[in-house]
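Worksheet: one structure, shown below.
No value in this document is a laboratory result; all are computed from the given coordinates. Small disclaimer: the values here were computed from a predicted structure and weren't measured. Every residue, glycine among them, receives a Cβ derived from its backbone with ideal geometry; neighbour counts consider all protein chains shown.
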Amino acid sequence: MAHQILQYMLSGLSTGAIYSLIGIGFAIIYNSTGIINFAQGEFVMLGGMLTYVFLALFDFPLPAAMGLAVVLTTAVGVVFERLAIRPLRNATPLSLVIITIGGSILIRGIAMLQFGKDTHAIPAFSSNEPLTLAGATVLPQHLWILGITLCIIAVNRFFFFHTINGKAMRACSHNRRAASLVGIGVKRMVLISFAISSAMGSVAGIITAPLTMTSYDVGIMLGLKGFCAAIIGGMSSGIGTVFGGLLLGVLESLGAGLISSGYKDAIAFIILLLILFIRPQGLFRKAETERV
Amino acid sequence: MLKGNKNLVTYGMLSGIVMLAPLFFAGGYLLNVLVFVGINTLLAVALNLLLGFAGQISLGHAAFFGLGAYISGVSTATYGVNPWAAMLLAAVAVGLVAFAIGFPILKLKGHYLAMATLGFGIIVYIVFNETVDLTGGPSGLSGIPSFTVADFSFDSDMKNYYLIWGITLVAIVLSANLVNSRIGRALRSIHSSEVAARVMGVNVRLLKVQIFTLSAVLSSIAGSLYAHTMTFISPTSFGFNFSVELLTMVVIGGLGSILGPLLGAGLLTLLPEFLRTFQDYDIIVYGLLLVLMTMYLPGGLASGFTAMCARIRSRFSREVVKNAQG
């Protein structure tokens with residue numbers, strides 16, 4: 001029993017790491033624009049699918065295929081911001097929600113037509129031999145996921161706290177008008193935030209694809225769970241969301257293992273609803289009063 | 001007074017068109033499609049009350065539609081309840097559910113509200129799939145009886161057409177009345193500013209939950225109508241995609257317009273039928289329509305239609321003036 005629980009927790013941690021990456025992508029865009037980008041999950045899907053396409057159809061080596069997939073997904077993120085988000089500066093939250101939903105349907109639809117409806121796998125980054133850890137088995141890909149996620153979070157932290165663009169983006173998230181008054185190009189920061197979060201989303205999609213397979217419609221669920229992670233973390237683009245993602249991953253994995261695997265996805269959304277009802281500001285943040 | 005008369009004429013014409021339409025397509029495939037236009041219009045009217053007037057988004061309305069359909073379906077097909085009683089039962093049950101979850105859910109705003117309703121929708125969808133003993137799971141529930149009155153059975157498209165459109169037209173007129181009443185004005189004040197509405201003495205919290213409940217009950221009735229017309233239901237009809245489709249209908253038709261839901265539901269239900277050759281492209285068309293309409297025609301088809309009429313009228317009057325001068 002103890003072994004089993006350890007096993008569930010380990011696999012939960014690796015799915016949780018994926019949710020964290022996606023959640024941070026949500027948070028970065030939210031903090032710089034106030035938009036919840038419902039198309040975030042589609043970037044995740046594009047990462048996995050494009051890697052598969054470059055591998056299978058063009059015979060690229062794995063690292064090249066992954067690199068190209070990240071670059072192309074980032075380009076999609078930038079184009080999406082340019083065409084759909086930037087022209088609407090004074091839109092209400094409602095129309096922004098609707099636009100990003102429309103964008104995600106569009107991206108998903110194009111992916112379906114281009115790549116078909118089949119589910120694909122991409123090969124694991126190294127061997128498929130399971131390792132044993134205190135009685136639980138771990139696939140090398142799980143370690144890849146945890147390692148890459150840690151790296152990205154570290155780079156992310158460095159970017160936001162030690163580079164001029166990162167600091168400028170943090171300034172925008174506190175107060176856009178004040179930021180523009182001290183000479184920060186707010187529009188450029190919004191563009192950069194879309195670029196970063198689409199790149200992070202695509203990486204999340206790539207590193208999870210060898211374990212969970214990929215198809216044109218994986219983005220919906222992964223995106224929503226990433227959003228859960230960000231909500232638990234109080235929409236922080238840092239450690240709060242990482243913790244939220246890991247918590248969600250572990251709870252979901254334990255629930256699926258010990259209660260019922262059919263309700264695995266429902267568990268995530270019940271957690272989401274509970275958090276929204278009880279602590280909408282996230283687990284780690286003080287409540288803010290709304291300005292009128 | 002004049003406005004009232006004008007509305008009366010509009011509704012009279014609308015009812016006339018709706019009632020006469022089947023004569024042209026009697027028994028054909030198109031009649032079957034028009035039955036669905038009726039159900040979707042009812043759903044769009046319901047969502048429009050919430051989204052268009054009170055300004056509260058819901059990405060989980062397919063869940064209420066599905067709950068109505070499944071409560072109706074299970075209670076009639078498995079337990080032999082009379083379809084009309086089942087429809088009432090479903091409406092009451094869904095109303096209670098909506099009222100109960102309305103208080104915590106509608107405390108949320110904007111994106112958070114969208115995500116919470118979406119989460120609710122997905123949970124309900126998963127329950128439809130997983131409770132196989134009750135709902136039949138992914139393979140669906142069949143053998144749902146049609147509506148009957150004494151010996152008369154609503155077993156053909158033609159009969160169901162009149163039943164469904166009758167209810168839908170009543171819902172349109174009732175929603176128009178509601179919106180032009182004191183409650184409707186209070187709803188629109190919530191849409192503009194909740195704080196201002198509260199200052200004016202509107203019980204914002206309760207009113208939002210009430211309109212959410214009304215919207216859910218109408219969706220549940222649409223679900224019952226769907227179940228007894230189709231006689232077969234499966235979870236795929238009530239998933240996230242359908243919630244988005246409903247949202248598209250309301251947005252495209254025109255948020256906060258009375259006839260908007262009819263235009264939106266009509267367009268989105270008929271379009272795929274005419275675009276048969278495009279097949280899979282319909283999802284892309286939805287996405288594009290959503291983005292482009294929100295960007296360039298935020299008032300939807302209804303406002304576009306009004307603006308077009310105004311433009312034609314002004315051009316016409318200008319020409320009249322020109323002719324008079326010439």
Rounded to 0.05, the calculated FRET efficiency for the beta carbons of B:PHE152 and B:ALA310 at R₀ = 45 Å is 0.45
The range A:192-292: which trypsin sites (Lys or Arg not before Pro) are DSSP loop and have at most 10 other beta-carbon atoms within 10 angstrom?
A:LYS286, A:ARG291
Taking the Cβ of B:LYS208 as the center, what net charge do the other residues with Cβ under 14 Å away carry, scoring Lys and Arg +1 and Asp and Glu -1?
+4
Distance in nm between label sites at B:VAL9 and A:LYS117, each 7 Å beyond Cα in the beta-carbon direction?
4.9 nm
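Over 25 Å between Cα atoms, which of A:LYS225/B:LYS109; A:LYS117/B:LYS109; A:LYS117/A:LYS225; A:LYS117/A:LYS264; A:LYS187/B:LYS107 qualify?
On the way: A:LYS225/B:LYS109 19 Å; A:LYS117/B:LYS109 35 Å; A:LYS117/A:LYS225 22 Å; A:LYS117/A:LYS264 23 Å; A:LYS187/B:LYS107 32 Å.
Violating the 25 Å Cα-Cα cut-off are A:LYS117/B:LYS109; A:LYS187/B:LYS107.
Any idea what the dipole of the range B:2-240 comes to, in debye rounded to 20, about its Cα centre with Lys/Arg Cβ at +1 and Asp/Glu Cβ at -1?
Working: 11 positive and 6 negative charges, 248 e Å.
Approximately 1200 debye in magnitude.
Efficiency by 1/(1 + (r/R0)^6): what FRET value for A:ARG177 and B:PHE103, r their Cβ-Cβ distance, R0 = 45 Å, to the nearest 0.05? Mind showing how you got there, number by number?
Working: r = 35 Å, r/R0 = 0.78.
The pair A:ARG177/B:PHE103 has a calculated efficiency of 0.80.
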Taking amide hydrogens as modeled 1.01 Å from N in the peptide plane, which residues meet the under 5 Å criterion relative to B:THR148, leaving out close sequence neighbours?
B:TRP84, B:PHE154
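Quick one: A:ASP217, A:ASP265, fewest Cβ neighbours within 10 Å first, how do they rank? Walk me through the intermediate numbers first.
Working: A:ASP217 16, A:ASP265 19.
By the 10 Å Cβ count, ascending, the order reads A:ASP217, A:ASP265.
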Can you give me the Rg/Rh ratio for the protein assembly as shown, using Cα atoms for both radii and the Kirkwood formula for Rh?
0.99
Taking the Cα centroid of the range A:124-144 and of the range B:87-106, what is the distance between the two, rounded to the nearest whole Å?
47 Å
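Using +1 on the beta carbon of Lys and Arg, -1 on that of Asp and Glu, and nothing else charged, what's the dipole of the protein assembly as shown about the Cα centre, debye to 20?
On the way: 35 positive and 21 negative charges, 600 e Å.
Taking the Cα centre of the protein assembly as shown as origin, the dipole is about 2880 debye.
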Given 0.36 nm per residue, what is the gain on full extension from A:ASP217 to A:ARG170 after removing their alpha carbon distance, in nm?
13.7 nm
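Rounded to the nearest angstrom and ordered from largest down, what semi-axes does the equivalent ellipsoid of chain A get from its C-alpha gyration tensor (root of 5λ)? Let's see the in-between values first.
Working: eigenvalues 178, 110, 65 Å².
They are 30, 23, 18 Å, listed from largest to smallest.
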Those chymotrypsin sites (Phe, Trp or Tyr not before Pro) from the range B:36-90 that are DSSP loop and have at most 14 other Cβ neighbours within 10 Å turn out to be B:TYR79
Between A:ILE164, A:ILE239, A:ILE145, where does the largest GNM mean-square fluctuation fall for chain A, given springs only between Cα atoms within less than 10 Å?
A:ILE164
